[in-house]
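Down below is the structure, laid out as structure tokens.
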Amino acid sequence: MSDVRKRNAWNVVIDTAIFVAFVVATAPRFTGIALHEWLSIAFAAVIVIHLVVHWQWVITVGMGFIRRLGAAGRFSFVLNLLLFIAVTLLIYSGVAISRDVMPALGIDIRGAMAWRGLHRAFSNISVVLIGLHVALHWRWIVNLFRRQSRTMTK
Amino acid sequence: MKSILHGVIVLIVAATIAWSAQFALDQGKLGDLHFAEGRGPGLRIGGDGGGEGRRRGQGNVGELVGTLLEMTAITTVVVIGGKIRQARRRRSR
């Protein structure tokens, strides 16, 4: 397998893990609070890996945004920036109102009650932004899956 | 080594965003905000009403399905919208 294919295969695994973790984590009534919190911590770690893997894109598009970039590129960059801010605040507010993970780690956090409302608001905003993020990368996702399935059937 | 550095940069930016939000909250800039009980914007199916004081039950698939539906709806609308725009452009050429 070539390096590009290997990288793409890893991207598929990481991105699928992020998507599944996010969808499951947004349903605390389905998982229960403890699993919701631990899954969210894992989600935060994989988000950092996702950003590191796509670091070149962040730099290239970020620099292009300042210099010259098409409307689609600018929209994509702004959307991803907003998504990063929303997910960061979602995770932080989650940590601030944690009932299981933080006490289990011996960290006593008594976050303000306002974080609870903000956590829900950022969760709803993130759902919308991730939906848009997936839509913007839809062609890439479909092409990648087509290529992977073709190589598997060969 | 480079990847670790990039990861550290991501964490520093994230910590700055979180600290700014904490600062705003401490200053009372966010504390006066009121949020609707139980339901935010967007579609939520199932659930027990989501009251803040209520102990939430476990195993409710409705919430999970709701989030999936919400995301699917957004993605579908944007993808189809993009395809329509593309087709219009092609036709106008």
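What follows is calculated from the coordinates using simple rules that are stated; it is not laboratory data. Here the structure is a predicted model, which is why all the values come from computation and not from measurement. We place every Cβ from the backbone using ideal geometry, glycine too, and count neighbours over all the protein chains shown.
Odds and ends about this structure:
- The loop-placed trypsin sites (Lys or Arg not before Pro) in the stretch A:57-96, going by DSSP, that have at most 13 neighbouring Cβ atoms within 10 Å of their Cβ come out as A:67, A:68.
- Likely footprinting exposure, A:153, A:31, fewest C-beta neighbours within 10 Å first: A:153, A:31
- All-pairs alpha carbon distance profile, the stretch A:3-153, 10 Å steps from 0, percent: 10, 35, 32, 18, 5, 0
- The stretch A:3-153 - charge dipole about Cα centre, Lys and Arg +1 at Cβ, Asp and Glu -1, debye rounded to 20: 600
- Each Lys and Arg Cβ is given +1 and each Asp and Glu Cβ -1; about its Cα centre, the stretch A:48-125 then shows a dipole of about 280 debye.
- Order of A:43, A:75, A:84 - criterion: other Cβ atoms within 10 Å of each residue's Cβ, fewest first: A:75, A:84, A:43
- Considering only alpha-carbon pairs that sit under 8 angstrom and 6 or more positions apart, the relative contact order computed for chain A is 21 percent.
- The angle separating the long axis of helix A:71-96 from the principal Cα axis of greatest extent in chain A is about 30 degrees.
- Gap separating the Cα centres of the stretch A:125-154 and the stretch A:1-61, nearest whole Å: 14
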